[in-house]
1. Report yes if GLY170 is buried (at least 16 other Cβ atoms within 10 Å of the Cβ), in a loop (DSSP other than H, G, I, E, B) and touching a Phe, Trp or Tyr at 6+ places or on another chain (Cβ under 8 Å), otherwise no.
2. Of all residues in region 9-44, which are within 25 Å of GLN272 (Cα to Cα) and touching a strand residue (DSSP E or B) at 6+ places or on another chain (Cβ under 6 Å)?
3. Restricting to region 240-282, count the residues that are among the polar types (S, T, N, Q) and assigned to a loop (DSSP other than H, G, I, E, B).
4. What pairs come out if I take residues in region 47-60 that are touching a residue at least 24 places away in the same chain (Cβ under 8 Å) and assigned by TED's automatic domain parsing to the domain that holds THR134 and pair them with residues that are acidic (Asp, Glu) and in a strand (DSSP E or B) whose C-beta lies under 6 Å away, six or more apart or interchain?
5. If GLU368 satisfies every condition in (1) at negative phi; (2) in contact (Cβ under 8 Å) with a residue 12 or more places away in the chain; (3) assigned to a loop (DSSP other than H, G, I, E, B) but one, which is the exception?
6. Restricted to region 25-65, and to residues that are small (Gly, Ala, Ser) and modelled with pLDDT under 95, which residue is nearest to the ligand (Cβ to nearest atom)?
7. Of the residues that make up region 334-356, is at least one assigned by TED's automatic domain parsing to the domain that holds ASN205, surrounded by fewer than 18 Cβ atoms within 10 Å (Cβ to Cβ) and assigned to a loop (DSSP other than H, G, I, E, B)?
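The values are calculated or read from the model by the stated rules, or taken from the named source; none is laboratory data. All of these numbers come straight from a predicted model, not from anything done at the bench. Reconstructed Cβ throughout: ideal geometry from the backbone, glycine too, with neighbour counts over all protein chains shown.
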Amino acid sequence: MISDLDQFCAQYGCTPSLRIEAPGRVNLIGEHIDYIGGCVMPVAIEPKITLLVAPESNGGKIELWSAEQEDTKYKISPKDFTPKTIPEEHWLNYAIGVMGAYAEQGVMTPGCRVGIFSTLPAGAGLSSSAALETAFALLIEELSGQSCSILERALRCQRAEHEWVGVPCGIMDQLSVGAGLKNHALLIDCQEQSIKPVRLPKELNLVVADSGVKHALADGEYRERRQACEAALEILHENSWRNISLESVLKNQDALGDRLFKRARHAVTEMQRVNEFSDALINNQIPKMAQLMQDSHNSLRDDFEVSCPELDVLVDAGFAFGVEKGHAGSRMTGAGFGGSTIHLVHESIASSFIEHLRSRYQKAFGRELNCFITQASDGARLQPLNTLKPAL
Ligand code: GLA
């Protein structure tokens with residue numbers, strides 16, 4: 001297999017001097033509550049987006065090439081930074097969006113050549129978009145010499161996604177990609193915008209199953225969930241979901257109507273589950289963690305209505321394996337509408353657990369399941385300059 005470095009050299013005829021890596025993420029619990037100021041518990045994972053970069057004056061142009069779409073090379077200059085020049089969730093829009101969001105802050109992207117490589121499947125609910133955005137943010141900061149905090153970077157990337165891609169996402173993905181920590185989950189308070197790492201038990205593995213059902217977030221379903229939460233908040237006469245109890249949602253069931261009642265019930269119960277899950281994780285209470293993940297999935301399936309049959313089969317298969325045999329929890333992860341499930345399992349049974357999921361999936365849908373073990377990893381990083389030598 002040709003290395004990414006050699007591919008870059010073959011493509012551009014020059015040597016990169018900078019490597020940037022940005023991981024994907026899974027979310028253990030706290031789904032669809034980042035954009036309403038809840039707490040969430042994501043983990044940065046090993047699959048990642050890598051950028052190789054050769055700074056070149058290049059007449060001020062930024063050349064972009066993605067190894068995933070080999071024949072296309074794009075040349076961008078600041079006049080192209082206006083939102084939405086190319087269809088919505090195209091990878092180029094994420095890159096241009098981040099350049100545009102930095103330009104708004106007076107930070108221009110210097111001329112360069114960029115190669116994009118990925119071990120992170122797109123549309124699998126594993127935050128390939130936030131990884132791409134964060135990698136470009138680091139590139140711009142490094143080449144312009146104007147760095148900013150992890151939070152400020154995440155906010156600029158979120159702005160890029162809102163304005164250039166058209167997805168009104170929360171801040172969870174950009175913060176987890178930026179702040180990931182090896183062996184840790186992150187307890188992110190999206191209202192305070194604060195992050196507390198929580199150590200994961202050493203003996204637990206993360207198993208990710210990609211349902212293969214691609215989800216597009218710009219298509220309106222995600223926006224509908226966000227708007228439903230805003231509408232419900234208004235009916236409940238509150239200005240923060242953090243002040244709303246389950247009792248108050250139940251009391252206002254008629255005023256909310258069926259759809260908003262269900263969305264609101266997910267919002268408040270999921271917030272409560274994150275608190276309980278982080279306590280259970282700190283105290284190593286595996287059965288409790290498993291129960292909370294199951295409740296979270298059920299709530300996403302029945303009340304928030306963002307699951308799909310493939311995700312439900314994978315989660316049911318996870319629980320059918322048995323907590324007594326080393327299974328420690330399963331749920332859909334990310335926005336839903338397809339994408340992936342996350343499973344916590346004891347390391348000693350991880351391989352047999354994967355076999356079990358594969359066979360259940362094959363039986364239900366007649367297709368192979370893409371499933372892998374991963375570990376909690378560090379957030380986005382730059383590799384020091386001058387260490388890259390092509391093997392050619
Ligand atoms: C997507 C968004 C996040 C979050 C999740 C659902 O990944 O980018 O901000 O809302 O969906 O929890």
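1. Details: buried (at least 16 other Cβ atoms within 10 Å of the Cβ): yes; in a loop (DSSP other than H, G, I, E, B): yes; touching a Phe, Trp or Tyr at 6+ places or on another chain (Cβ under 8 Å): yes.
Yes, satisfied.
2. Those that are within 25 Å of GLN272 (Cα to Cα) and touching a strand residue (DSSP E or B) at 6+ places or on another chain (Cβ under 6 Å): ARG25, VAL26, ASN27, LEU28, GLY30, ASP34, CYS39, VAL40, MET41, PRO42, VAL43, ALA44.
3. We begin by selecting, within region 240-282, every residue among the polar types (S, T, N, Q); these are 240, 243, 245, 248, 252-253, 269, 272, 275, 278.
Next, only the ones that are assigned to a loop (DSSP other than H, G, I, E, B) stay: 240, 245, 252.
Residues flagged as among the polar types (S, T, N, Q) and assigned to a loop (DSSP other than H, G, I, E, B) within region 240-282 amount to 3.
4. LYS48/GLU21; THR50/GLU21
5. GLU368 satisfies all of (1) at negative phi; (2) in contact (Cβ under 8 Å) with a residue 12 or more places away in the chain; (3) assigned to a loop (DSSP other than H, G, I, E, B) except (2).
6. Start the filter on region 25-65 by keeping residues that are small (Gly, Ala, Ser), which leaves 30, 37-38, 44, 54, 57, 59-60.
This time we only want the ones that are modelled with pLDDT under 95, so: 57, 59-60.
Values: SER57: 35, GLY59: 35, GLY60: 32 Å.
Going through the qualifying residues, I end up with GLY60.
7. no
A quick yes/no check of all residues on (1) part of a helix (DSSP H, G or I); (2) in the same structural domain as ILE33 (by TED's automatic domain parsing); (3) within 13 Å of the ligand (Cβ to nearest atom); (4) over 30 Å from GLN285 (Cβ atoms):
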{"residue": "ALA160", "(1), (2), (3), (4)": "yes, yes, yes, yes"}
{"residue": "VAL177", "(1), (2), (3), (4)": "yes, yes, yes, no"}
{"residue": "LEU186", "(1), (2), (3), (4)": "no, yes, no, no"}
{"residue": "HIS215", "(1), (2), (3), (4)": "no, no, yes, yes"}
{"residue": "GLU238", "(1), (2), (3), (4)": "no, no, no, yes"}
